[in-house]
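Worksheet: one structure, shown below.
The values are calculated or read from the model by the stated rules, or taken from the named source; none is laboratory data. Keep in mind it's a predicted model, so treat the numbers as computed, not measured. Cβ sites come from the backbone with ideal geometry, for glycine too, and all protein chains shown count toward neighbours. Heavy atoms of the whole protein, side chains included, go into the accessibility calculation; ligands, DNA and RNA do not. Shrake-Rupley method; radii C 1.70, N 1.55, O 1.52, S 1.80 Å.
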Amino acid sequence: MFAASKALSRRGLDLTQILTLGAVLATLALAIPQYIATRSESFNTQQQQLTERFSKAVEQLGTPGNLEVRIGGIYSLERIARDSEPDHPTVINVLATFVRENTKILRDPQGNCPNQPVATDVQTALTVLIRRDSAWDDPASPLDFTDACLQRAVLTDLVAPRADFSRADLTDAILTEANLTRATLRGADLTDAILTDADLTDANFADLDPCGADPCGADLTGADLAGADLTGAVLTGADLTGAVLIGTTLTGAYLVDANLTRASLFAYLPTANLRRAILTDADLTGADLTRADLTGADLTGADLTGVGLIEVRGLTREQVAEISSRTTDVRGIPPAWLPQ
């Protein structure tokens, strides 16, 4: 009797549990669609707000005659880029376009940029680009500063792999520790620019067209490239007159027809291509030119004290005579070529 009563009680308990579970499932069945609808509505609201913020910021950016409003638009765009990863690439493209288009229109009919620093709003946009989260960038859309006038711009720590600086004027610009790997700098003017410790691995400074009678490479006259990494960089026809390349890495760099007159090159240049390079009066003290190609290079007056010329290609007896007339502290020259 007791056992039967206990079994009946258990069946009643099981039935209660089943009914409770059914009620829970029914509640979930009603709640889940409502939750999804609420989430979707919230997402749509956020997207609408981002769109409105973006439109307003772009409108502010294009406001003529009001510096404060333009700067406000720049900072508004920065906040959007931080708040929304999907919108980040679009914002960065807008800011780069703002910099490019609002500086290249300053060129005179001859194509020269005015001798003046970048405007406050342009520098503000550049600063925002410097501190952006580059991990959110679109690899297919590198920064484009083609033809931009960026004299005296502060670009310290800029991360701009594969950026296009073709024909940009970067006179006196500060690019310390900038990441310009595989960047294009064809015809760029980097006169007196500071590129200390910048990474220019595989950067291209050469023009695609034949040079002809005029220099076609980048103008790096007086540029400070101390400690910079120019591994594999293409510097064909570049003007490096008076440039500072102390501690610079130029492994495999292509310097055909480059002008390094009076340049300071306490540098690492193994396998560098220096065909027809002009090294007149250049200071190459302590430089490593192991397996470099010096075919047709002009070493007139160059100081090669302590230079390593091990397995150098294209070195002629005439060049050795020019070198040894000033120093005998050179490693790698065949003993038979040295004056007795």
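Data table
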quantity	calculated
Rel. contact order, % - alpha carbon contacts under 8 angstrom, at least six apart, the range 242-340	20 percent
Ranked packing of 138-149, 76-87, 105-116, 230-241, most packed first, by mean Cβ within 10 Å	230-241, 138-149, 76-87, 105-116
Solvent-accessible area, 1.4 Å probe, carbon plus sulfur percent, for the range 134-239	48 percent
Normalised alpha carbon radius of gyration of the range 245-332 [divisor 2.2 N^0.38 Å]	0.91
Estimated vicinal HN-Hα couplings, Hz - the range 252-259 in sequence order (Karplus 6.51, -1.76, 1.60; Gly, Pro = x)	x, 5, 10, 10, 4, 6, 6, 9
For peptides 306-314, 188-196, sequence by mean Cβ density within 10 Å, most packed first	188-196, 306-314
Extension gain (nm, one decimal) between D157 and E322, 0.36 nm per residue minus Cα-Cα	55.2 nm
Other-chain or far-sequence residues with amide H under 5 Å of N259's (modelled H)	A238, D239, L240, I278
Burial order of peptide ranges 258-268, 152-162, 284-294 (average beta-carbon count within 10 Å, highest first)	258-268, 284-294, 152-162
Net charge, V128 excluded, C-beta distance under 12 Å - Lys, Arg +1, Asp, Glu -1	+1
Rg to Rh, two decimals, where the range 183-319 supplies the alpha carbon set and Rh follows Kirkwood	0.93
Length-normalised contact order of the range 153-274 in % [C-alpha pairs under 8 Å, at least 6 apart]	18 percent
Amide H partners (placed H, <5 Å) of D202, local residues excluded	R182, T231, G232, A233
Derived scalar couplings ³J(HN,Hα) [the range 97-104; Karplus, 6.51 cos²θ - 1.76 cosθ + 1.60; whole Hz; x for Gly, Pro]	5, 4, 4, 5, 6, 8, 10, 5
Whole-Å distance, taken between Cα centres, linking the range 228-297 and the range 131-145	31 Å
For the range 44-149: Kirkwood Rh in Å [reciprocal of mean 1/r, alpha carbons]	14.5 Å
